[in-house]
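Here is the structure we will look at, set down as structure tokens.
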Amino acid sequence: MTTAPAQREYFLDSIRAWLMLLGIPFHISLIYSSHTWHVNSIEPSWWLTLFNDFIHAFRMQVFFVISGYFSYMLFLRYPLKRWWKVRVERVGIPMLTAIPLLTLPQFMMLQYVKGKAQNWHTLTPYEKYNTLVWELVSHLWFLLVLVVLTTVSLWIFSRLRQRLSARADRFFAHITLGKLSLLFLLLGIAYAALRRVLFIAWPPILSDGLFNFVVMQTLFYLPFFLIGALAFIYPRLKALFTTPSPWCAVAAALAFIAYLLNQRYGSGEAWMYETESVITMLMGLWMVNVVFALGHRLLNFESKRVTYFVNASLFIYLVHHPLTLFFGAYITPHIASNALGFLAGLVFVIGIALVLYEIHLRIPLLRFLFSGKPQNKVASIKVRS
């Protein structure tokens, strides 16, 4: 068992940043996929649908493993209350900033794009509240889940630090990917069973935005967050993820095929969503090995260019969503080719996001609001604390 890494984990910083930035092609491809979204092209593209499904099947599971790893690392650096304050500020302030500045204007734009503005007064008070929760949280949901996980981890991390036993040490000293796969299979089945019970007992609760984000999403990603923290504590567990495993790569590929088959032939009234939770629970675990092993081999170095995108990734992710929807609503209809539209969308969204990022670096208040980090009175705009 260890409490500190031997060196800075450059590859984990990079993976976390690129997973966040991968949200840009994910959402742009969603426009051109066969999935119904806020805005869609006239004719869907099969290869962009496949691309979109692949990203969706694993990206956030790997992201939450890294979040758990760094959260526990910071947990050991600060007193308990100070740790909670720092972590909540880092994710909560950008989330609260983005709601009035990004997702509220985005919601208002979509009301007119989809022709629903005139129907707002016909909704019940609960329907208005629930619509606002879904639309204003929007792509910020993972920040809300991180706030919940951080709060829950006040108790969990304290127990991990104080109650780790010799039995736990022995277990993780001999842990294997096979044992982890069995554990995550059981966790996926338990989550699926809970969802099915809710679906039978009280179906409307699954459509409630706040319940979905705070309870269901938190429960699904909690195992990944915790396994990330345990990977920081136990070198053996971390080594399992950073050592390439052909078995994991093959298993992840088979899981993705199962995911696609479930998407095509499953039914929401049957067990489609429950089956998906089991598949993505396992695929997420196996893709942790695939992504960590590749990242450890290719990205474990310090680079000013990489550091720039690591620092910029959260801001770019926050602003890309309304830019993507604007592109989909007003530019996509004028581009006949889906492939050309997808590439044009990448250039449009990334280009404007980078310009906005550079502008915000020059305004201390915006730097604080979009990072949650206190700003020094005299600070270089090229180096962020």
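The values are calculated or read from the model by the stated rules, or taken from the named source; none is laboratory data. Remember, it's a predicted structure, so these values are computed and weren't measured experimentally. When we count neighbours, we look across all protein chains shown, and the Cβ atoms used for this are built from the backbone with ideal geometry, even at glycine. Each accessible area value is taken on the protein alone, full model and side chains, heavy atoms only, with ligands, DNA and RNA left out. Shrake-Rupley method; radii C 1.70, N 1.55, O 1.52, S 1.80 Å.
Brief remarks follow.
- Among residues of region 45-57 that are farther than 10 Å from Tyr32 by Cβ, those with a Cβ under 6 angstrom from a residue that is in a helix (DSSP H, G or I), sequence gap 6+ or separate chain, pair up as Ile55/Phe26; Ala57/Phe256; Ala57/Tyr259; Ala57/Thr280; Ala57/Met283.
- Near pairs, Cβ below 9 angstrom, 6+ apart or cross-chain, from region 106-129 (touching a residue at least 60 places away in the same chain (Cβ under 8 Å) and more than 20 Å from Phe327 (Cβ to Cβ)) to any residue that is assigned to a helix (DSSP H, G or I) and open to solvent by 80 Å² or more (accessible area, probe 1.4 Å): none
- Among residues of region 76-114, those that are of a type in the set (A, V, I, L, M, F, W, C) and open to solvent by 50 Å² or more (accessible area, probe 1.4 Å), counted: 8
- Some residue of region 31-44 being under 24 Å from Ser153 (Cβ atoms), touching a helix residue (DSSP H, G or I) at 6+ places or on another chain (Cβ under 8 Å) and part of a helix (DSSP H, G or I): no
- As for region 331-340, it holds no residue that is closer than 22 Å to Arg87 by Cβ, open to solvent by 20 Å² or more (accessible area, probe 1.4 Å), free of Cβ contacts under 8 Å to residues at least 24 places away in the same chain and not in a helix (DSSP H, G or I).
- Some residue of region 141-164 being β-branched (Val, Ile, Thr), within 25 Å of Met73 (Cα to Cα) and open to solvent by less than 20 Å² (accessible area, probe 1.4 Å): yes
- Test: residue in region 265-276 that is open to solvent by less than 50 Å² (accessible area, probe 1.4 Å), among the aliphatic types (A, V, I, L, M) and under 24 Å from Leu144 (Cβ atoms): no
- Of the criteria (1) in a loop (DSSP other than H, G, I, E, B); (2) surrounded by fewer than 19 Cβ atoms within 10 Å (Cβ to Cβ), which one Ile350 fails: (1)
- Residue in region 64-73 that is within 22 Å of Gly228 (Cβ to Cβ), surrounded by 18 or more Cβ atoms within 10 Å (Cβ to Cβ) and among the β-branched types (Val, Ile, Thr) present: yes
- Test result for Ile316, of a type in the set (A, V, I, L, M), touching a helix residue (DSSP H, G or I) at 6+ places or on another chain (Cβ under 8 Å), assigned to a helix (DSSP H, G or I) and open to solvent by 30 Å² or more (accessible area, probe 1.4 Å): no
- Residues in region 117-136 that are surrounded by 12 or more Cβ atoms within 10 Å (Cβ to Cβ) and either touching a His at 6+ places or on another chain (Cβ under 7 Å) or part of a helix (DSSP H, G or I) (or both): Ala117, Lys128, Tyr129, Asn130, Thr131, Leu132, Val133, Trp134, Glu135, Leu136.
Results for (1) open to solvent by less than 20 Å² (accessible area, probe 1.4 Å); (2) outside any helix (DSSP H, G or I); (3) at positive phi; (4) not hydroxyl-bearing (Ser, Thr, Tyr), shown as yes or no for each residue.
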{"residue": "Leu254", "(1), (2), (3), (4)": "no, no, no, yes"}
{"residue": "Leu261", "(1), (2), (3), (4)": "no, no, no, yes"}
{"residue": "Leu282", "(1), (2), (3), (4)": "no, no, no, yes"}
{"residue": "Trp286", "(1), (2), (3), (4)": "no, no, no, yes"}
{"residue": "Val290", "(1), (2), (3), (4)": "no, no, no, yes"}
{"residue": "Asn300", "(1), (2), (3), (4)": "no, yes, no, yes"}
{"residue": "Ala312", "(1), (2), (3), (4)": "yes, no, no, yes"}
